[in-house]
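Asks: Quick one: structure below, then a few questions.
The values are calculated or read from the model by the stated rules, or taken from the named source; none is laboratory data. Note that the structure is a prediction, hence the values are computed from the model and not measured. Cβ placement follows ideal geometry from the backbone for every residue including glycine, while neighbour counts extend to all protein chains displayed. Keep in mind that these areas ignore ligands, DNA and RNA; they rest on the heavy atoms of the full protein, side chains included. Shrake-Rupley method; radii C 1.70, N 1.55, O 1.52, S 1.80 Å.
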Amino acid sequence: MNRNHTILGRREVLHSTLALGATALATPGVFAELLQTPPQTEGPFYPNQMPLDTDNDLLVINDSITPAVGEITHLSGRILDRKGNPVRNAFVEIWQVDNHAVYLHTDDKTNRASQDTNFQGYGRFLTDSKGHYYFRTIKPVPYPGRTPHIHFAISQGGKRTLTTQLYVKGHPGNARDRLLQGIDAKARETVLRDFAPLKNSSIGELAVDFDIVLGGTASEGEDGKMHGIGQSQWRRRQTRRNDR
Ligand SMILES: [Fe+2]
């Protein structure tokens, strides 16, 4: 598939999840338990009004001919349990500021006038049988008080199981970010990822690979039911939404 164009067709975007699959981080049964991706606050700007389009291509809203501004980033990875088993049918949501640092939230008043109305700001993806997800978005930019990040929420069976954030490895703002530095050093590494140039891209696209490890060993079995985690554990893992 030729990725050297600015606007991928909708079907191509969806199928890119297979081409840009995550690294072979874990082989079930071979390694010790994986380090859990640390939970992070949801923050105040999970969209209060969903965009007209909630697909996994944040660069284009519906059939608009004008894409969002920003460094095009192909963001993919897998949702895994701690044993390295892929979690299928996990509901993955991301949200982030546009290239002018504006959230898709009416309470985000900073720079509101310069909002990029072509940026979707939020997207969803349901993982496939190998636990893969894929989004096309922009490289996040800083906003006052925060280093660049992309918010993630993972839900299974209608319950939120992890809320976290992905950061740009090597960004100078990371050292000053209270939320990022609040994670212990080993776990912090698991949310820092390279936004690397996409091979053979003539327009400077980036690719980032971010596997997410859920805290339990819950996974959806062939019968479509959740296994390996109880309701009380689900509840304990709900991120405290009123944190900053
Ligand atoms: Fe944020």
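Asks: Quick one: net charge around residue 102, please, counting Lys, Arg +1 and Asp, Glu -1 for every other residue with C-beta under 11 Å from its C-beta. Show your work: numbers first, answer last.
Replies: Values: positive: 109, 112; negative: 98, 108, 116.
My count for the surroundings of residue 102 gives -1.
Asks: For the pair residue 66/residue 46, report the inter-label distance in nm, with labels modelled 7 Å from Cα in the Cβ direction.
Replies: Label at residue 66, label at residue 46, 3.1 nm between them.
Asks: Sticking with this structure for a sec: Could you check the simple spin-label distance between residue 159 and residue 192, using points 7 Å along Cα→Cβ, in nm with one decimal?
Replies: 3.3
Asks: May I ask you to give the solvent-accessible area per residue for the stretch 42-141, in square angstrom, as obtained with a 1.4 angstrom probe? Don't jump to the answer; show the numbers that get you there.
Replies: Numbers: 3800 Å² over 100 residues.
On a per-residue basis, 38 Å².
Asks: Any lysines with Cα under 28 Å of the residue 199 Cα? List them, leaving off those in the same chain fewer than 8 positions away.
Replies: 130, 139, 169
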